[in-house]
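Participant: The structure follows.
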Amino acid sequence: MKKKLGLVCSVVLALSVVLTACGSDGAGGAGGDNAKKIALIMRQNVGTFSAQYINGVKTEVEKNGGQLTVFNADTDLSKMASNLDAAVNQHFDGILIDHGTAEALQQGTQKAIDKKIPVVLFDTDIKLPGVPVVEQDDNKLAELSLEQLAADNNGKGNIVKIWVAGFAPMEKRQVTYDAFLKKYPDFKEIAAFGSATNNTALDTQTQMEAILKKYPNKGDITAVWAAWDEFAKGATRAIQQAGRNEIKVYAIDLSDEDLQLIQEANSPWAATAAVDPSNIGRIHAQTVFQKIKGEQVPDSVKLNPVLVKQSDLPKDKKVTMGDLSQYVSEWGK
């Protein structure tokens with residue numbers, strides 16, 4: 001039964017960019033004996049950023065002759081820990097962990113190390129010798145977006161913050177946000193909310209609509225700072241529907257869907273700081289193959305973010321992630 005389910009999962013993964021998780025009862029890879037089986041242990045698979053990240057992982061795994069199985073925990077850290085244990089017990093050749101926590105996954109990661117299975121982390125706060133962490137420079141991501149907010153608004157105004165605790169990158173971004181408020185005392189945080197769910201953008205839109213009703217007048221809210229693009233999507237749609245486009249949105253992360261929103265006529269989404277999610281996935285997978293081959297890999301692989309402004313983009317053409325580097329020279333490097 002397990003082999004049959006493992007084969008079904010492999011077929012699904014080969015056909016789809018937006019990959020769904022194979023449950024821990026049947027997540028083994030299938031195929032030839034020489035193909036390396038790689039497990040991707042995800043906390044959640046939400047939005048187009050995740051889809052493009054997974055596609056980057058999948059492309060790099062296939063480039064190296066491997067086969068990928070994705071385990072999606074749907075935000076449940078207990079399930080994520082169980083998925084990691086399943087991957088270890090099924091003797092995957094390499095394990096990638098996306099947005100985990102040390103509290104939930106340290107024990108399982110150590111179990112993998114004890115069984116000589118290479119593990120590479122992405123935006124996960126586990127610290128074990130020989131376990132590389134691929135990470136965006138989260139402090140720089142926050143700094144780029146917040147400094148643009150300050151520049152566009154003369155260093156003063158009322159801010160709505162959308163953020164959620166419990167994720168390593170979010171916690172780092174919050175540190176930079178706190179420093180920003182100290183640097184610019186004329187900015188005032190008038191509201192803060194945020195939650196990570198399977199419908200984050202829609203839930204954020206509903207919450208933002210309530211904030212707009214609480215602050216109904218032009219000038220009540222200067223800007224929204226969204227620490228994740230799923231938050232930015234919800235906030236942008238709420239602002240557009242309310243006709244409050246004087247409120248500008250500054251965010252972190254970028255995808256094709258985000259670019260469409262940024263380029264809409266009179267969009268309030270002014271700027272976002274990001275690393276190409278496809279590159280993140282590619283480098284995450286590339287690093288685990290380096291480990292499998294016994295190559296030396298630093299414990300920290302940090303990716304430099306880029307600020308993308310609405311004003312960088314042409315008004316007469318829809319830009320995608322694939323051609324963004326034509327307008328933002330540092331993108332994708």
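Participant: State all residues of segment 219-271 that are surrounded by fewer than 24 Cβ atoms within 10 Å (Cβ to Cβ) and of a type in the set (Asp, Glu); if no residue qualifies, say none.
Facilitator: Asp220, Glu246, Asp256, Glu257, Glu264, listed by residue number.
Participant: Restricting to segment 38-85, count the residues that are among the aromatic types (Phe, Trp, Tyr) and in a helix (DSSP H, G or I).
Facilitator: 2
Participant: From Val61, Val133, grab the single residue that is β-branched (Val, Ile, Thr) and under 16 Å from the mean Cα position of the chain (by Cα).
Facilitator: None of the others qualify; the one that does is Val133.
Participant: For the subset of segment 270-304 comprising residues that are of a type in the set (Val, Ile, Thr) and in a strand (DSSP E or B), which member is farthest from Val119 (Cα to Cα)?
Facilitator: The extreme case among them is Thr272.
Participant: Further, regarding this structure: Would you confirm whether any residue within segment 86-104 is within 17 Å of the chain's Cα centre (by Cα), more than 28 Å from Glu209 (Cα to Cα) and assigned to a helix (DSSP H, G or I)?
Facilitator: Taking every residue of segment 86-104 in turn, none turns out to be within 17 Å of the chain's Cα centre (by Cα), more than 28 Å from Glu209 (Cα to Cα) and assigned to a helix (DSSP H, G or I).
Participant: If I filter segment 150-206 down to residues being more than 17 Å from Val249 (Cα to Cα) and among the basic types (Lys, Arg), which single residue comes out as nearest to the chain's Cα centre (by Cα)?
Facilitator: Looking at the filtered set, the residue picked out is Lys172.
The numbers here are math on the coordinates, done by the rules we state, and not lab data. Predicted, not measured: the structure shown is a model, and the values here were computed from it. Note: ideal-geometry Cβ built from the backbone for every residue, glycine included; neighbour counts use all protein chains shown.
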